[in-house]
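The values are calculated or read from the model by the stated rules, or taken from the named source; none is laboratory data. All of these numbers come straight from a predicted model, not from anything done at the bench. Because the Cβ atoms are built from the backbone with ideal geometry, glycine has one as well, and the counts that use them run over all protein chains shown. Just so you know, the surface numbers come from the protein's heavy atoms only, side chains and all, with ligands and any DNA or RNA stripped out. Shrake-Rupley method; radii C 1.70, N 1.55, O 1.52, S 1.80 Å.
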Amino acid sequence: MTEGICIASGKDDFVRRGKTETQARVMDDLVVEFGDLNHYAASTPMLELKSRNNMDALCRAQIKWKQIRPDIWVAFRGAFTDPFDMLEEKLANMMRDWSLGVTHLEALEEKAKGFTKIEYQWMAELNNTGREYGVAVLGIEITTLRFPHIDQQDEQMALQLADTNLIVEMQRQSATKEKEISKLNQATHIRMQEDRDREAEAQERLQTVERRKNIAIGETITKKAEMDTQIVKAETCLALAKEQKDKEVALAKATAEAEAERVRAAGRRDAAQYAAEGEIAETKEKNTAQLDFLKQQAALLKQNPGLVELLKIQNDLLKIESLASAAKFNPNIVLLTGQEGLEARRMNKGHAPQVPGAAIFGNVQ
């Protein structure tokens, strides 16, 4: 696919002319061109050159370019028909100058290296020129360089020398590379040693932290054991205090109960004493009253001698009345006394009548 741009150019009055004007426009006043933006490559013709040691040389190069500003190219191209004409002239001059500045051996040596350095320099110079015309140089390649009047042996020797120089350069680069690798290895070794030192330091710190952790755990266990011991001791003291308190409470309770019992006993004793004293006083009063009564009876009997017989008769009459009253309910009651009473017991199989009257009767006897 082709990439391009349309470029129009003309006289100033053509550009300034308005759309409302009735003046006829002339096509000769307007020029239309198309700028090509594609990539192109072209080779120079074989150039006949001279070396510094006056050796004939044939050289050809290829240029790759692209228009980046077609408007600049249209404005400044002048007599050049395309960008290659402009670049070819500049490149031919640079190739000629370079050939005159080196011997054929140096040129062949540069060829053996691939023209890398010289192509880079020429490309930079061509780009500086191409930017003035809106052209960018994409690459330069020297495709041909030979010396037709040098025999094959000289060329082979030159090639061998170039190879030798290339080998020397490669050895130098290899030595430089080995030196750099040695420095890199040394730096790597130093870095690895530093890493090992840091790792050892980190390991030591880790061990220190682990030791501190173990010490803290040991102290925690010790403190926990001490706290457990203190707790057990406190619980033991609490249990002893509780037991002591219970004993003291029990002792106080027993003491209080004993004191209460003592007080109650003292009260009972005092009550008994008071009761005994009251009974004694009452007995004394009764005895005193009985004594007074007996004294009165004695005085009365002394004054009336027959009163004693009268009292005996009254007592016997009371006993008989009691037995008669009991005989109404128990016919075995014997009202007899003396020998008659013994006979009555024999007839009752040797047992005395089991009635209160018999007991009373026996007591009367």
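Hey, among A202, A158, A124, which residue is in a helix (DSSP H, G or I) and modelled with pLDDT of 90 or more? Talk me through it step by step, then tell me what you get.
On the way: A202 fails: modelled with pLDDT of 90 or more; A158 fails: modelled with pLDDT of 90 or more.
The conditions single out A124.
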**Asked** Can A75 be described as open to solvent by 60 Å² or more (accessible area, probe 1.4 Å) and either of a type in the set (G, A, S) or under 60 Å from the mean Cα position of the chain (by Cα) (or both)?
**Response** yes
**Item:** Within segment 99-114, considering residues that are buried (at least 19 other Cβ atoms within 10 Å of the Cβ) and in contact with a strand residue (DSSP E or B) (Cβ under 9 Å, 6 or more places away or on another chain), the one farthest from L138 (Cα to Cα)
**Value:** H104
**Item:** Those residues of segment 53-80 which are among the hydrophobic types (A, V, I, L, M, F, W, C), over 14 Å from V137 (Cα atoms) and in a loop (DSSP other than H, G, I, E, B), in sequence order
**Value:** M55, A79, F80
**Request:** Return yes or no: is N185 open to solvent by 50 Å² or more (accessible area, probe 1.4 Å), assigned to a helix (DSSP H, G or I) and within 30 Å of D82 (Cα to Cα)?
**Result:** no
**Message:** So for segment 249-266 (the condition being open to solvent by less than 70 Å² (accessible area, probe 1.4 Å), at pLDDT 80 or above and either touching a helix residue (DSSP H, G or I) at 6+ places or on another chain (Cβ under 8 Å) or β-branched (V, I, T) (or both)), does at least one residue qualify?
**Reply:** no
**Item:** Restricting segment 129-140 to residues that are surrounded by fewer than 16 Cβ atoms within 10 Å (Cβ to Cβ) and at pLDDT 90 or above, the residue that is farthest from W98 (Cα to Cα)
**Value:** L138
**Enumeration of residues in segment 67-101 that are of a type outside the set (A, V, I, L, M, F, W, C) and more than 15 Å from D36 (Cα to Cα)** = G78, D85, E88, E89, K90, N93, R96, D97, S99, G101
**Message:** Would you confirm whether or not segment 91-101 contains a residue that is out of contact with any helix residue (DSSP H, G or I) (no Cβ under 7 Å at 6 or more places or on another chain) and outside any helix (DSSP H, G or I)?
**Reply:** no
**Prompt:** Going through segment 78-93 one residue at a time, which ones are surrounded by fewer than 17 Cβ atoms within 10 Å (Cβ to Cβ), at pLDDT 85 or above and of a type in the set (A, V, I, L, M)?
**Reply:** A92
